[in-house]
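What follows draws every value from the coordinates through simple rules; no lab data is involved. Since this is a predicted model, take the numbers as computed values, not measurements. So basically every Cβ, Gly included, is an ideal-geometry build from the backbone, and we count neighbours across all protein chains shown.
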Amino acid sequence: MSATLATTAIPGGARDPSVAQSLSRRRHRANVIVKTLCVLATAVGLIFLVAILGTLLWLGFSGLRLGVFTEMTKPPGSGGGLLNAIAGSLIQTIIGTAIGTPIGLMVGTYLSEYAKGTYLGNAVRFVSDVLLSAPSILIGLFVYEVFVEPFGGFSGIAGCVALAVIVIPIVVRTTEDMLNLIPTALREAAVALGAPKWKSIVFVCYPAALSGIATGVLLAIARVAGETAPLLFTSLGNLNWSLDMSAPMSSLPVTIYQYAGSPFEDWVQLAWVGALLITFGVLALNIMARVVLRPRG
Amino acid sequence: MLGDKIFAGIATACGVLVLVILSAIIISLFVGGLPAFRAFGPGFLTNTDWDPVKQVYGAAVPIYGTLITAVLAILLAVPLAFGIAFYLTELAPQWFRQPVGTAIELLAAVPSIIYGMWGFFIIVPIMGDYVQPFLIDTLGEVPLIGALFQGPAFGTGILTSALILAIMILPFIAATMRDVFLTVPGVFKESAYGVGCTTWEVMRSIVLPYTRASVVGGVMLGLGRALGETMAVTFVIGNTNRISTSLFGPGNTIASIVALEFPESPAGSLKLSSLLALGFLLFVISFIVLAISRFLLRTKVTK
């Protein structure tokens, strides 16, 4: 690579006009080829997005009717909707986020305000980042081992716990990043007024970082709303209406998984509708998160 | 300052809780897998059987499937991701960067079950009807690598799984690469342009060498995702406990076998223990990959 640069930069090569010209042509041809390939790569990436969304609209929209939101899942051939799955998903996502967010917020605070440069802080940051990308199916297995098996079987609350474990590292990441962006002068001003450290964090730093933290929470909701693998081993899924948190609970992703793999046409159709709902819900949350973050850059 | 002490105490406790969760994941998977490790010994890693009738379980096939699909996915995704990151940082007109970047990031937000379903109903037929027969007719005839592209074209299998995985991890790698490319100081690039370099030469001789470690870190991050992906793979890999020489052959991965076999594994059974042992192995593999990724990315992307 540096050889190319050297030959082109040394005037010796340029003394022979034909050599210089062919060299220049070759360099610019390579440039054009790579540029074209990059445009193509971006086009391919966008085509995937359009293809997935298009398929969902095409196959999901045709099955969208009011019954999807008002009826329970029913045996194949008898219609039915996704009401129990939608309700179960909403409940588990909300409770899971409600458990995970305060913990993640405190961990982020700890990393940014208390543990800068300490050994423990670095360990927590590293582990949290690893958890952020850890396979979610293993979090399901983990909750199964420590929660489901010892405490009497599959339950909605176990599903919430699994989702909370996924929420924590996402909130940690954004909270720490946002608190780090807050100027020290702001904290010093609070301290100068005689505020104890916790008050300066809660009443000065949190409000200043609010949009960033809200972004993290929205992204966390979007992430866990579509999680399937951890729920397979925790809340299991339920084809009946159930709001009992200690019983197996239905969820949209698990229902999609069961229905999409079934040989019944109406179940597959419902799976597409569910897929459409969940994808556009998740994408809407993502776009909302971006809009929330924008005013503060 | 009692309030301060309490607040700091809660914050520290939550920080420690994260460490506890990780340790608890490792320990619970290991303890759960212990009966299987005891029953099969080190042979668990090399045994290719998965036989519920004879109660013999081995990890070799799922481990092979996990690694081969993830590596193939990386091979497919990295060139595309690089192209996208290059386009977004150097080539695209300024007003176009934000919308395209957002679109690529939205691809990362689509839940994995949607990729699985889409792959199963859309990509599998395309692979089976067009791509695989084409590859069998062309590459299948080539000596040495021909064996990789033979066999019946079902549409499912290792290659299809790798393709779906590649689409899934593409946005993660592309976004990381874009972010690290943006960390290159403008003066470096400007001086290269100043001596007459083309855009591609600036990328190859300035940007890539400057960001090499972080780029590898981004790739490892994608690899970590691909290793543990469950739903997308389960739909399209064919779920057969067999190592086939052809990339069109069916197989399984640790995550897919756990998801599929779990419902038929009663609590306390040797089968469940084997699944937990597989989970432990997956955790070890992805932990190593993610740790390397974090280490490489630490210097550049920490904001």
Among the residues of segment B:266-296, which ones are of a type in the set (A, V, I, L, M), farther than 17 Å from B:A59 by Cβ and part of a helix (DSSP H, G or I)?
-> B:V289, B:L290, B:A291, B:I292, B:L296
Failed item, numbered, when B:W95 is tested on (1) in contact (Cβ under 8 Å) with a residue 12 or more places away in the chain; (2) out of contact with any Pro (no Cβ under 9 Å at 6 or more places or on another chain); (3) more than 14 Å from chain A (Cβ to nearest Cβ) | (1)
Report yes if B:I27 is more than 10 Å from every other protein chain (Cβ to nearest Cβ) and assigned to a helix (DSSP H, G or I), otherwise no.
-> no
In segment B:6-15, the residues that are more than 7 Å from every other protein chain (Cβ to nearest Cβ) and either touching a Phe, Trp or Tyr at 6+ places or on another chain (Cβ under 9 Å) or at positive phi (or both) = B:I6, B:A13
B:V219 vs. criteria among the β-branched types (V, I, T), surrounded by fewer than 24 Cβ atoms within 10 Å (Cβ to Cβ) and closer than 30 Å to B:A59 by Cα = yes
Look through A:L111, A:L90, A:L82 and report the one residue that is within 12 Å of another protein chain (Cβ to nearest Cβ) and among the hydrophobic types (A, V, I, L, M, F, W, C).
-> A:L111
Just checking, which of B:R204, B:R242, B:R212 is assigned to a helix (DSSP H, G or I), more than 9 Å from chain A (Cβ to nearest Cβ), surrounded by fewer than 22 Cβ atoms within 10 Å (Cβ to Cβ) and not acidic (D, E)?
-> B:R212
So which residues in segment A:175-210 are of a type in the set (S, T, N, Q) and either crowded, with 18+ Cβ neighbours inside 10 Å or in contact with a Phe, Trp or Tyr (Cβ under 7 Å, 6 or more places away or on another chain) (or both)?
-> A:T175, A:S200
Would you check if there is a residue in segment B:31-38 being within 29 Å of A:I166 (Cβ to Cβ), within 7 Å of chain A (Cβ to nearest Cβ) and buried (at least 16 other Cβ atoms within 10 Å of the Cβ)?
-> yes
Check A:A123 against each of (1) touching a Ser or Thr at 6+ places or on another chain (Cβ under 6 Å); (2) under 23 Å from B:A11 (Cβ atoms); (3) free of Cβ contacts under 8 Å to residues at least 40 places away in the same chain; (4) among the hydrophobic types (A, V, I, L, M, F, W, C) and name the one condition it does not meet.
-> (1)
Taking interchain pairs and intrachain pairs at least six residues apart, which have beta carbon atoms under 8 angstrom, with the first residue in segment A:270-295 and in contact (Cβ under 8 Å) with a residue 40 or more places away in the chain and the second among the acidic types (D, E)?
-> A:N286/B:E105
Looking at (1) more than 14 Å from chain A (Cβ to nearest Cβ); (2) within 30 Å of A:V268 (Cα to Cα); (3) in contact (Cβ under 8 Å) with a residue 24 or more places away in the chain, find the lone condition where B:A147 falls short.
-> (2)
Identify the residue in segment A:33-52 that is more than 7 Å from chain B (Cβ to nearest Cβ) and over 28 Å from the mean Cα position of the chain (by Cα) and, among all such residues, is farthest from A:A87 (Cα to Cα).
-> A:I33
B:I126 within 10 Å of chain A (Cβ to nearest Cβ) and either within 30 Å of A:F280 (Cα to Cα) or not in a loop (DSSP other than H, G, I, E, B) (or both) = no
Can you name the condition, by its number, that A:T55 falls short on among (1) more than 7 Å from every other protein chain (Cβ to nearest Cβ); (2) farther than 30 Å from B:T199 by Cβ; (3) among the polar types (S, T, N, Q)?
-> (1)
Tell me, please, whether a residue that is charged (D, E, K, R), within 30 Å of B:F7 (Cβ to Cβ) and in a helix (DSSP H, G or I) can be found in segment A:251-270.
-> no
Filter segment A:244-292 down to residues that are at the interface with chain B (Cβ under 9 Å from one of its Cβ atoms) and hydroxyl-bearing (S, T, Y) and give me whichever is farthest from B:G101 (Cα to Cα).
-> A:Y257
Identify, from the list A:V68, A:V130, the residue that is of a type outside the set (S, T, N, Q), over 17 Å from A:Q269 (Cβ atoms) and in a helix (DSSP H, G or I).
-> A:V130
Checking B:S161 against (1) part of a helix (DSSP H, G or I); (2) of a type in the set (S, T, Y); (3) over 27 Å from B:I122 (Cα atoms), the condition it does not meet = (3)
Any pair with Cβ under 7 angstrom, 6 or more apart, that starts in segment A:202-231 at a residue that is closer than 29 Å to A:T255 by Cβ and ends at one that is polar (S, T, N, Q) and assigned to a loop (DSSP other than H, G, I, E, B) | A:A229/B:T230; A:L231/A:S251
